[in-house]
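The values are calculated or read from the model by the stated rules, or taken from the named source; none is laboratory data. Model, not experiment: these values are computed from the prediction. Ideal geometry is used to build each Cβ from the backbone, glycine not excepted, and the neighbour counts take in all protein chains shown.
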Amino acid sequence: MSVRPELPPSAPLPAGDDGPMRPHTATCFGCGPENPASLGLSFVRDGDVVRADVALPPAYEGAPGLAHGGIVAAILDDISGAIPRTLGLRAVTAKLDVEFASPVVIGRSLVTESWLEARDGRKIRIVARLMEGERLLASARALFIEVPPEHFRPRDADPPARPTIAP
């Protein structure tokens, strides 16, 4: 079994500063510094790739000693979401196709990375992977859709009253 299966190559990102990137939001589950349950991802742009280091604590365990598959998917989703930011876009996940290659052991030092595969209008196709050293643990192909800024406006705690239809 290959440790690096064939994944689509990176499409070039617009010129930009390499180095640390801001989190999606302060309360983001994947990268939010104000979220006590955050995975603690800190994005770093390196050319056409965005990377983050991660080591999962026991709170994210599924099977004994192993990360829950949903947490692995959340890591790949969150690192994928960093790519639209490099394009200066706001976008949401429309599809996330995850392939699990090897068990993810709790507490190990891991690296996740993502890159742009293609962009077509509002559609942004992204590839992501989670690695332990040279060993592939999981990969994903994601489809993000560009949305207008108002999509991310704060939501009311209580939904607005719905009009009723008189008899």
Matching residues in segment 59-69 - criterion: being within 14 Å of L137 (Cβ to Cβ), outside any strand (DSSP E or B) and not small (G, A, S): Y60, H68
First in segment 83-110 and in contact (Cβ under 8 Å) with a residue 60 or more places away in the chain, second anywhere and among the basic types (K, R) and part of a strand (DSSP E or B), Cβ under 8 Å, 6 or more apart: T86/R45; L87/R119
Of all residues in segment 145-167 being loosely packed, with under 10 Cβ neighbours inside 10 Å and within 20 Å of T25 (Cα to Cα), the one that is modelled with the lowest pLDDT: A157
Test: residue in segment 50-64 that is under 26 Å from P148 (Cα atoms) and surrounded by fewer than 12 Cβ atoms within 10 Å (Cβ to Cβ): no
Tally of residues being assigned to a strand (DSSP E or B) and within 10 Å of the chain's Cα centre (by Cα) across segment 72-91: 0
Positions within segment 123-144 being surrounded by fewer than 18 Cβ atoms within 10 Å (Cβ to Cβ) and either in contact (Cβ under 8 Å) with a residue 60 or more places away in the chain or not in a strand (DSSP E or B) (or both), in sequence order: G133, E134, R135
Residue among L7, L56, L41 that alone is under 19 Å from R85 (Cα atoms), in contact (Cβ under 8 Å) with a residue 12 or more places away in the chain and either of a type in the set (A, V, I, L, M) or assigned to a loop (DSSP other than H, G, I, E, B) (or both): L41
Members of segment 2-30 that are hydrophobic (A, V, I, L, M, F, W, C) and closer than 19 Å to V127 by Cβ: V3, L7, A11, L13, M21
Residue within segment 87-102 that is touching a Leu at 6+ places or on another chain (Cβ under 9 Å) and of a type in the set (K, R) present: yes
One residue from F29, F43 being aromatic (F, W, Y) and either buried (at least 17 other Cβ atoms within 10 Å of the Cβ) or in contact with a Lys or Arg (Cβ under 9 Å, 6 or more places away or on another chain) (or both): F43
